[in-house]
Every structure is written in structure tokens, then in C-alpha cells.
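A short write-up of the structure that comes next.
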Ligand SMILES: [Fe+2]
């Protein structure tokens, strides 16, 4: 199967699987992460067609049946494996994409994961979309979706979002993250000041 045909079928699978997700983890998030991943790959000097294909497929599939929504830790990898087997995609490449999908999550940070450049790039792309102006909007959308409080949202910045800049793996990821991090710091600073008017 041609790479472009496989990528089109993969996008269709993901669009359908994520149709019911809230706007913090919807198809637009996937499109931005895929675009960021391609940008980072180019900036990192990756020209190998197979590597670029693994990165693009990993980015498109990185949140499919995510445990935050599916409630299952294995549904994501199982869905990806099953889909690629039906497409007769080579086993070695299936393993590489599944490796990205299984290890991209922030929850896996600190686990003894062997780093690959393909995983590093998708991780950085996903984390860049979690910070900056987009990150603020997504955090608030997810907080609302989960019916959590404003205080919970602010905690999420301290617990995760402010740490992401320091966890970037690629040089271009670090550059993207730096400006976005600063936007979040000044936003939360202002939000805290405005919240002081609560009685
Ligand atoms: Fe994501």
C-alpha cells in the first residue's frame, strides 16, 4: 500500500475513534501535533522516508483510544495493531508505531523507556500543544469536561504544564517550548492576581 493511502486510512480511523472526545483532545489537536512533529523532524534533519512515515503515523495515532477516555490501558495499542494488521503493514513498522503510542504519555515520564528519535519527536510535538496559549485553552476545556474547579486547573499547571519545557527531547522542541512556556507563566501570574478579588 502506498504511504499516502495508508496515512489517509489512518486519519479516517482516528477521526472516527475520537469523534466523541471533547475539544481538548479532538481531531484538531491531532492535526496540530502531526504538523508540529513534521516541523520538528525537518528541523532535526530527518530525511529518511520510513522514519518520516513512522513519525507521521505515530503522531496521528498518539491519542487514539487514550486511557483518559477509553478507561483501558491497552485499548490504544490493540486498536493500532489490529488496524495495521488489516492493512498488511510490515510487522517491524507496526512495532515502531505502537512503541510511540504506548510511550508518548506524560504518565510514562520516568519509566525506563528506551528513547528513539521518532518517539522523542512525537512526544515533543504533543507536549508543545499542551503549553502556551493553546495549552491554556486545552487545560480549561478538559477541566470543564471533567467538571473540575478553577483551583484544579491551576494545580495542573504546577504539576505538569510548567514542567514540560524542561522535558523537551529535541533542540527544535526546546525552541518551540520556550516562548509558549513564558506565555503560560504570565497568564497564571495574572490569573492568580485576579483571583485574589474572590471573597
Ligand atoms: Fe495528545
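We did not get these values from a lab; they are worked out from the coordinates using the rules stated. Small disclaimer: the values here were computed from a predicted structure and weren't measured. No Cβ is skipped: glycine too gets one built from the backbone with ideal geometry, and neighbour counts run over all protein chains shown.
Does the stretch 180-191 contain at least one residue that is closer than 16 Å to residue 108 by Cα and touching a helix residue (DSSP H, G or I) at 6+ places or on another chain (Cβ under 9 Å)? Checked against the condition, which is being closer than 16 Å to residue 108 by Cα and touching a helix residue (DSSP H, G or I) at 6+ places or on another chain (Cβ under 9 Å), the stretch 180-191 yields no hits at all. Return yes or no: is residue 174 crowded, with 21+ Cβ neighbours inside 10 Å and within 21 Å of residue 35 (Cβ to Cβ)? So residue 174 does not fit the description; no. Where helices (runs of 4 or more DSSP H) fall wholly inside the stretch 117-186, the ranges with 1 or more residues that are within 23 Å of residue 27 (Cα to Cα) and over 17 Å from the mean Cα position of the chain (by Cα) are 132-145, 150-159.
Return the residue satisfying two criteria in turn: it lies in the stretch 146-162 and is surrounded by 15 or more Cβ atoms within 10 Å (Cβ to Cβ) and farther than 13 Å from residue 187 by Cα, and of such residues it is farthest from the ligand (Cβ to nearest atom). Ranking the candidates gives 156 first.
Which one of these is within 12 Å of the ligand (Cβ to nearest atom) and under 20 Å from residue 170 (Cβ atoms): 97, 122?
122
For the stretch 72-91, the count of residues that are farther than 23 Å from residue 145 by Cβ, within 16 Å of the ligand (Cβ to nearest atom) and surrounded by 16 or more Cβ atoms within 10 Å (Cβ to Cβ) is nonzero. Condition check for residue 101 on (1) part of a loop (DSSP other than H, G, I, E, B); (2) closer than 24 Å to residue 8 by Cα: one failure, at (1).
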